[in-house]
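Reading through the structure tokens given below for one structure.
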Amino acid sequence: MGSGIVNIYNKKYSYEDLSHDIKRFLVDYKDIVSAGIIAKTSDGNNIYCIRLGNTKAEKRVIIQAAMHAREWLNTQLIMMMTEHCLRFYYSASFEGIKYNELFDKVCFYIIPMFNPDGVNISQYGLKRIRNNILKGQVRCIGRGRYRRWKANAEGVDLNRNYEKGFTKNYLRSASECSGDCPYSEKETRAFIKLVDSIKPTAVINYHETGRIIYFKEFSKLTKLISAETGYHCKYDKGANGSLGDWLSMKNVEWVTIETCIGRAPVNHLQLYYEWKLHKNMIQKIAKLYIDV
Ligand SMILES: [Zn+2]
């Protein structure tokens, strides 16, 4: 299991760790990777988007993780997967195709921590919230229980804030609150802006838990991810205001991968198991889109 920059032993991979490691990527691999900030959150944190590959590529794939705050183990996993590709970029081939050729034809837009404010709450409670109004609101909702926080710092579930099937729900909570109206949240607006600007071939949503894959269309992509991970596949019945339903409405292929078992946040040891299943996922997806 190879990691040079991303510390695999770090049991609480935080927003600060992520920011630090992305900066290191940009120094050590400056010719092959770039990164942007797709939005600033309510508490002033960056939502980073790492671009891996040729931005003029015909195929573009978005990978996002930690939309739900407590699912932050996936941030570390995605960062390890990204670093794995960077390390072999100029020196190796993947299933007969050179890495640089793979990423010349398929570009990845990787958002390792979609909900940094929420991750801070799940990992540190109130301690890292800078904005006092937000802090008061989170204190009111969480009442001392923050580990299983799922929403952003506004108390809105970012997987209920899209237009398709949106159901009004004003009561802010640690999970399942849809917000005042569709796209009320900065994170949601940043995501739709990204989708509208790059017009992705597919969107891969990393969530936890269940070791299961949710799909709307049983595609080659679903089959590939299932073969690689051994996870079962299940038809997604949809949910009010979910990202998946919105992507289907936009005719964008998508799949949701639920890693790990048990209740999130999961024991750090699960990272090592999941790494074995996911370490070639980016390369496999790139190859799939070259072959089709
Ligand atoms: Zn989730």
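Yes or no: the range 168-188 includes at least one residue that is within 26 Å of residue 59 (Cα to Cα), surrounded by fewer than 17 Cβ atoms within 10 Å (Cβ to Cβ) and of a type in the set (Lys, Arg). There is no residue in the range 168-188 that is within 26 Å of residue 59 (Cα to Cα), surrounded by fewer than 17 Cβ atoms within 10 Å (Cβ to Cβ) and of a type in the set (Lys, Arg). Within the range 249-265, residues that are under 22 Å from residue 228 (Cβ atoms) and part of a strand (DSSP E or B) reach partners that are among the aromatic types (Phe, Trp, Tyr) and within 14 Å of the ligand (Cβ to nearest atom) with beta carbons closer than 9 Å, at six or more positions or on different chains, in the pairs 255/214; 256/206; 256/214; 257/206; 257/214; 258/206; 258/214; 259/206. Within the range 142-160, residues that are away from the ligand (no atom under 15 Å from the Cβ) and of a type in the set (A, V, I, L, M, F, W, C) reach partners that are at pLDDT 95 or above and outside any loop (DSSP other than H, G, I, E, B) with beta carbons closer than 9 Å, at six or more positions or on different chains, in the pairs 153/117; 153/118; 153/120; 153/121; 153/134; 153/135; 153/137; 153/138.
Would you confirm whether or not the range 258-278 contains a residue that is crowded, with 18+ Cβ neighbours inside 10 Å, within 16 Å of the ligand (Cβ to nearest atom), closer than 23 Å to residue 159 by Cα and of a type in the set (A, V, I, L, M)? Yes, some residue in the range 258-278 is crowded, with 18+ Cβ neighbours inside 10 Å, within 16 Å of the ligand (Cβ to nearest atom), closer than 23 Å to residue 159 by Cα and of a type in the set (A, V, I, L, M).
Restricting to the range 257-289, name every residue that is within 17 Å of the chain's Cα centre (by Cα) and of a type in the set (D, E, K, R). Within the range 257-289, 258, 274, 279 meet the criteria. If we scan the range 140-163, do we find a residue that is among the β-branched types (Val, Ile, Thr) and either outside any helix (DSSP H, G or I) or surrounded by fewer than 22 Cβ atoms within 10 Å (Cβ to Cβ) (or both)? Within the range 140-163, one or more residues are among the β-branched types (Val, Ile, Thr) and either outside any helix (DSSP H, G or I) or surrounded by fewer than 22 Cβ atoms within 10 Å (Cβ to Cβ) (or both).
Do the conditions hold for residue 241, that is, is it more than 16 Å from the chain's Cα centre (by Cα) and either β-branched (Val, Ile, Thr) or within 16 Å of the ligand (Cβ to nearest atom) (or both)?
Working: more than 16 Å from the chain's Cα centre (by Cα): yes; either β-branched (Val, Ile, Thr) or within 16 Å of the ligand (Cβ to nearest atom) (or both): yes.
Here the answer is yes, as residue 241 does meet what is asked.
Out of curiosity, is residue 204 under 22 Å from residue 261 (Cβ atoms), β-branched (Val, Ile, Thr), in contact with a Lys or Arg (Cβ under 7 Å, 6 or more places away or on another chain) and within 14 Å of the ligand (Cβ to nearest atom)? Considered against the rule, which asks whether it is under 22 Å from residue 261 (Cβ atoms), β-branched (Val, Ile, Thr), in contact with a Lys or Arg (Cβ under 7 Å, 6 or more places away or on another chain) and within 14 Å of the ligand (Cβ to nearest atom), residue 204 comes out as no.
The values are calculated or read from the model by the stated rules, or taken from the named source; none is laboratory data. Keep in mind the model is a prediction, meaning the values are calculated, not measured. Here Cβ is always computed from backbone atoms with ideal geometry, including for glycine, and neighbour counts include all displayed protein chains.
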